[in-house]
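Notes for the one structure printed next.
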Amino acid sequence: MTPTPLNRRQFSIATGAALVAGFHTAQAQEERIVLGQSAAFTGPAAQLGIQFHAGAKLYFDLLNAQGGVGRRAIEIRQLDDGYEPDRCVANTKKLIDDDVFALFGYIGTPTSVAALPLATKARMPFFAPFTGAMALRDPFSKTTFHLRASYNDETALIVKQLTNLGLKKIAVFYQNDAYGKAGLDGVTLALAAQNLKPVALATVERNSVDVAAAVATINAAAPDAVVQISAYKSCAAYIRAARKAGFGGTFYNVSFVGTQALADELGKDGAGVVVSQVVPSPYNAARPIAREFVDAAKKAGNVQPNFSSMEGYLAAKVFAEGLRRGGKPNRESLIGGLESINDQSFGGFAVTFSPTNHVASKFVELSMLTGDGRVRT
């Protein structure tokens with residue numbers, strides 16, 4: 001029999017039918033809990049969606065092979081938005097109309113900001129968006145849950161690191177949209193706490209690598225370091241162009257850049273580039289979650305262990321725990337189940353939710369790219 005998707009309305013109908021007809025409990029294995037994901041799977045930010053989805057699917061596939069949650073398999077229905085808000089809105093409307101169980105793993109600030117009002121209006125759980133923007137966290141939303149630390153947390157650590165090194169002339173290269181503005185706000189806030197301001201600002205358009213004007217503007221200010229708030233293609237283009245134009249300072253990026261994708265883009269030119277991270281390193285076996293994830297990825301054979309896929313794996317693992325704790329699978333029980341996760345370690349990654357706190361973690365650490373395409377933490 002071909003499995004059919006299970007959404008909230010169909011779940012109630014199927015349950016009632018089973019009680020009347022006296023179906024065998026094995027019937028539950030034919031039901032699925034379907035999550036909807038709109039993300040970039042093509043275009044200059046594609047690796048972010050591809051890798052996050054691969055990590056999440058890896059965990060759900062392992063879970064489903066063991067019977068799923070309550071004998072129900074979990075699957076992700078993925079729709080490509082190319083990292084464009086309008087396409088994301090259209091995808092979100094479709095997923096809501098199709099009555100998926102929850103929205104999961106949206107990629108990016110401008111897309112998530114556009115989708116969130118639709119999810120909130122539909123009372124649809126919106127879980128683990130791949131963004132640290134405060135606009136998605138404040139005001140508090142009962143149906144929205146964040147796995148990762150905020151961009152304010154990431155940029156605070158970056159600024160602290162730079163100023164501790166005596167580097168106070170800091171410029172910001174940022175994407176000209178809600179994501180770039182969120183990161184810029186974080187840097188500005190962290191600098192203001194030390195009575196400092198950015199020495200130069202310059203932008204790049206989303207999904208563009210036209211960085212010449214930005215390089216000219218920032219290089220003219222001769223900063224010690226440039227904090228980059230964009231995706232991997234444009235950040236790599238900026239680094240190459242800035243160095244070619246004579247910039248000898250350092251580059252710092254927030255996690256959304258896509259660390260491995262940036263390393264792949266830059267190759268030997270990546271040496272010394274710093275990236276803040278919001279999940280444990282898959283390249284360091286010190287934490288059990290890293291060993292678990294890398295082992296699962298190796299066995300699957302089709303998942304590249306990196307920070308983006310690690311975040312997807314963790315998001316799936318935490319979601320499944322909330323679903324398991326909730327009992328009967330519906331949206332209200334999922335929310336209650338997630339809110340009951342309090343200071344729980346997922347292999348060394350601490351997660352805390354509550355009825356008044358839907359941000360699981362403030363974990364941030366720094367990593368550095370090497371000249372051979374690897375990441376050192």
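The values are calculated or read from the model by the stated rules, or taken from the named source; none is laboratory data. Source: prediction; values computed, not measured. Please note: Cβ atoms are built from the backbone with ideal geometry, for glycine as well, and neighbour counts cover all protein chains shown.
Going residue by residue through region 107-114, is there one that turns out to be under 24 Å from TYR59 (Cα atoms), part of a helix (DSSP H, G or I), in contact with a strand residue (DSSP E or B) (Cβ under 7 Å, 6 or more places away or on another chain) and β-branched (Val, Ile, Thr)? Scanning region 107-114, I find no residue that is under 24 Å from TYR59 (Cα atoms), part of a helix (DSSP H, G or I), in contact with a strand residue (DSSP E or B) (Cβ under 7 Å, 6 or more places away or on another chain) and β-branched (Val, Ile, Thr), so the answer is no. For region 317-354, filtering for residues that are assigned to a loop (DSSP other than H, G, I, E, B) and more than 26 Å from GLU154 (Cβ to Cβ) leaves 5. Among the listed residues ALA231, ALA192, ALA212, ALA216, which satisfies the condition of being in contact with a Phe, Trp or Tyr (Cβ under 9 Å, 6 or more places away or on another chain) and assigned by TED's automatic domain parsing to the domain that holds GLN260? Result of the check over ALA231, ALA192, ALA212, ALA216: ALA231.
Within region 247-257, identify whether any single residue is in contact with a strand residue (DSSP E or B) (Cβ under 8 Å, 6 or more places away or on another chain), in contact (Cβ under 8 Å) with a residue 12 or more places away in the chain and more than 19 Å from VAL375 (Cα to Cα), and answer yes or no. Yes, region 247-257 contains a residue that is in contact with a strand residue (DSSP E or B) (Cβ under 8 Å, 6 or more places away or on another chain), in contact (Cβ under 8 Å) with a residue 12 or more places away in the chain and more than 19 Å from VAL375 (Cα to Cα). Sub-9 Å Cβ pairs linking a first residue in region 335-358 that is among the polar types (S, T, N, Q) to a second residue that is at pLDDT 95 or above and assigned to a strand (DSSP E or B), at least 6 apart or interchain, are SER340/SER354; ASN342/VAL351; ASN342/SER354; GLN344/ALA350; GLN344/VAL351; SER345/VAL351; THR352/GLN344; THR352/VAL359, ordered by first then second residue.
A single entry from VAL273, VAL294, VAL279, VAL303 fulfils the requirement of being closer than 18 Å to ARG148 by Cβ and among the hydrophobic types (A, V, I, L, M, F, W, C): VAL279. For region 346-364, the set of residues classified as in contact with a strand residue (DSSP E or B) (Cβ under 8 Å, 6 or more places away or on another chain) and exposed (fewer than 15 other Cβ atoms within 10 Å of the Cβ) consists of ALA350, THR352, listed by residue number. Is it fair to say ALA39 is of a type in the set (A, V, I, L, M, F, W, C), within 17 Å of ALA115 (Cα to Cα) and buried (at least 22 other Cβ atoms within 10 Å of the Cβ)? Yes, satisfied. Number of residues in region 144-175 that are in a helix (DSSP H, G or I) and in contact with a Gly (Cβ under 8 Å, 6 or more places away or on another chain) equals 6. The C-beta contact set for region 298-315 (first residue without any contact (Cβ under 8 Å) to a residue 24 or more places away in the chain, second residue surrounded by fewer than 24 Cβ atoms within 10 Å (Cβ to Cβ) and assigned to a helix (DSSP H, G or I), distance under 6 angstrom, 6+ apart or interchain) comprises PRO305/VAL294; PRO305/ALA297.
No other residue among SER308, SER345 is over 21 Å from ALA65 (Cα atoms), in the same structural domain as GLU75 (by TED's automatic domain parsing) and in contact with a Phe, Trp or Tyr (Cβ under 6 Å, 6 or more places away or on another chain) apart from SER308.
Residues in region 54-99 that are closer than 21 Å to TYR313 by Cβ and either hydroxyl-bearing (Ser, Thr, Tyr) or not assigned by TED's automatic domain parsing to the domain that holds ALA115 (or both): TYR59 only. Can LEU79 be described as more than 20 Å from GLU321 (Cβ to Cβ) and either of a type in the set (Lys, Arg) or in a strand (DSSP E or B) (or both)? Considered against the rule, which asks whether it is more than 20 Å from GLU321 (Cβ to Cβ) and either of a type in the set (Lys, Arg) or in a strand (DSSP E or B) (or both), LEU79 comes out as yes.
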